[in-house]
Amino acid sequence: MDTFTALDFETASGYRNSICQVGLVRMENGIIVKEINILVQPPDNYYWSRFTDIHGITAKDTANAAKFDQVWCQIAPYIENQNVIAHNGFGFDFPVLAKTLEYYNIPISNYNKFCTYKIYKKNLAKLCEEHNILLNHHDALSDARACAELYFRHLNRNKR
């Protein structure tokens with residue numbers, strides 16, 4: 001379990017298939033070996049203002065961005081048949097991925113799912129404050145980095 005992918009999505013609306021940003025961090029033996037940060041054009045480039053208020057991404061930002069089916073090939077190798085970590089993954093990120101893959105008629109990938117919210121039972125901002133981890137909350141890459149660090153610390157705590 002020393003190799004895993006931390007993943008975070010930001011969405012443009014309450015629709016689970018409305019990914020507008022992907023943040024992905026690949027960690028191998030405690031070292032970040034890959035980071036991916038991609039703006040994605042959600043279906044119809046449609047945004048709810050309250051979501052933009054949360055993450056700051058607008059329709060203008062993603063007007064010329066690739067759609068999810070065009071970026072899947074960049075992130076799939078880090079998800080398919082891998083150990084994937086997300087904060088509140090079962091409540092948000094994993095269903096968002098499933099609904100988005102379904103929307104684009106992409107076969108749903110097999111992967112092992114782990115959730116740092118289930119492990120720590122606290123929200124990401126609070127955990128980062130407690131563990132002195134830098135966080136630009138609701139930036140998908142920053143959230144994925146924080147999640148990777150928290151999961152790595154969890155693994156090391158259990159090795160002692």
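Note on Asn136 and Val33: with the Förster distance fixed at 22 Å, the Cβ-Cβ geometry gives a FRET efficiency of about 0.55. Peptides 18-24, 104-110, ordered by how many other C-beta atoms sit within 10 Å of their residues on average, highest first, read 18-24, 104-110. Shown here are the Rg and Dmax of the Cα trace of the range 3-159, at 14.8, 47 Å.
Taking other C-beta atoms within 10 angstrom as a stand-in for reagent exposure, Thr3, Thr52 fall in the order Thr3, Thr52, fewest first. The order of the peptides 30-36, 112-118 by mean Cβ neighbours within 10 Å, most packed first, is 112-118, 30-36. Roughly how far apart, in whole Å, are the Cα centres of the range 1-57 and the range 126-152? That distance is 14 Å. Pairs Lys67/Lys126; Lys60/Lys121; Lys34/Lys99; Lys67/Lys122; Lys60/Lys113: which are spaced more than 30 Å apart, C-alpha to C-alpha? Checking Cα-Cα distances, Lys67/Lys126; Lys60/Lys121; Lys67/Lys122; Lys60/Lys113 exceed 30 Å. Rounded to the nearest Hz, the phi-derived 3J(HN,Hα) couplings of the range 28-43 under the Karplus curve 6.51 cos²θ - 1.76 cosθ + 1.60 (θ = phi - 60°) are 10, 6, x, 10, 6, 10, 7, 10, 10, 9, 10, 7, 10, 7, x, x, where x marks glycine and proline. Under the combined filter of DSSP loop state and at most 15 neighbouring Cβ atoms within 10 Å, the range 16-59 retains these chymotrypsin sites (Phe, Trp or Tyr not before Pro): Tyr46, Trp48.
Values quoted throughout were computed directly from the atomic coordinates according to the rules given, and no laboratory measurement underlies them. Because the structure is a prediction, the values reported are computed rather than measured. No Cβ is skipped: glycine too gets one built from the backbone with ideal geometry, and neighbour counts run over all protein chains shown.
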